[in-house]
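Below is one structure; the comments refer to it alone.
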Amino acid sequence: MTPPTTRRPTAPADARRRLAAPTVAMLPRIADSLSFLYLDIVRIHQDDTGVCAEITSERRGTETVYLPTAALACVLLGPGTSITSRALATFARHGTTVLITGSGGVRCYAAALPDSLTTTWLERQARAWADNDRRLTVATAMYEKRFGAGTVPTGSSLAQLRGFEGQRVRAHYQLLARQYKIGRFRRAYDPASWDTQDPVNLALSSANTCLYGIVHAAILALGCSPALGYVHNGNQQAFVYDIADLYKAQLTIPLAFSLHASTNPEAEARRSFRDGLRLFKLLPRIATDIQQLLDPDTDRDTPDPEEQLVDLWDPITGTIPGGLNHAEDTTP
């Protein structure tokens, strides 16, 4: 009697397995990704085709929408959302950041990070953050990016920079309030009394949270830490707030004031913000701005390596190749 043999997977099965585990070289760079996708009251799972979201309603029954996981920078999961481990693993393999948020994308509670990250930019970020002089230099560069080169007086302290920022933001609010004829405006963010806030504040909070999600995804895609901020401090999203502040005056603040008469400012802010990003091309700007802030002299024309192996730290040379047997180096 012929003993049973183990059958090898068929060629189609091998092909599916290879496609399901893309290499780093196959993944799009963060600058080439779409911006974000907000989902709530859906079930996200993976089938043989890909990751899909199931939406169930009384009128239409159950509908299935497939998600472009490899092209998404960030997915915001709101209340009423469930996701399977297989779907979450696919997001991680494709380098998509998954954020767990509150209703409307407001407030971020947790994040699932992709594992294919290098530490090149994290090390540059940490070195600049740990040195007070370099940290002030980065903070000053952030204010100059917001207000224009040459607008920050040389030798300004961080307290003076905060004062300049407050004056400019207040003036920007007053200008937009006059433009839209809404009277005096005061920025307010109070989750405990959310429904009592005016449409401008609701729209601004909703749009800002979407902006935070995109910035968070870009920071993680570069391998940086969202917690090591240069202006903000003491929060796991300190660096997210630093970078997001570079774009609020151009993106979220004018949008919020334009929705001052909206009956559903949160949803309209998300939709309008997403549409506006197609013209603004935010993700390439975030990646370039972070690199310029952390290392102004870096050569961004040099192509990124397709794969980066884990190296070993050495106090003399800095790094030495990993994945090798170094026993000969220490053998007498």
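Candidate cross-link partners of Lys281 among the lysines, defined by an alpha-carbon separation under 25 Å and a same-chain spacing of 8 or more, comprise Lys145, Lys248.
The ranking of Ile219, Ile100, Ile320 from fewest to most other beta carbons within 10 Å of each one's beta carbon is Ile320, Ile100, Ile219. Of the trypsin sites (Lys or Arg not before Pro) in segment 176-259, which ones lie in a loop per DSSP and count no more than 13 other C-beta atoms within 10 Å? Hits after loop and neighbour filter: Lys181, Arg184, Arg186, Arg187.
Rounded to 0.05, the FRET efficiency of the Leu175 and Thr56 pair, given R0 = 41 Å and the Cβ-Cβ distance, is 0.35. For the pair Glu123 and Gln292 in one chain, pulling the backbone fully straight at 0.36 nm per residue adds 59.4 nm over the alpha carbon distance.
Across segment 225-239, rounded Karplus estimates of 3J(HN,Hα) from the backbone phi angles (6.51 cos²θ - 1.76 cosθ + 1.60, θ = phi - 60°) give 9, x, 8, 8, x, 10, 9, 7, 7, x, 9, 5, 10, 4, 5 Hz, Gly and Pro being marked x. Quantify how much of the Cα-Cα distance distribution of segment 120-294 extends past 24 Å, in percent. That tail contains 40 percent of the Cα-Cα pairs. If you wrap the tightest convex hull around every Cα atom of segment 88-217 and split its volume per residue, you get 165 Å³. The chymotrypsin sites (Phe, Trp or Tyr not before Pro) of segment 182-258 meeting both criteria, a DSSP state outside H, G, I, E and B (loop) and at most 16 other C-beta atoms within 10 angstrom of the site's C-beta, are Tyr189.
The numbers here are math on the coordinates, done by the rules we state, and not lab data. Because the structure is predicted, anything quoted here is derived from the model rather than measured. Note that each Cβ is placed from the backbone with ideal geometry, even for glycine, and that neighbours are counted across all protein chains shown.
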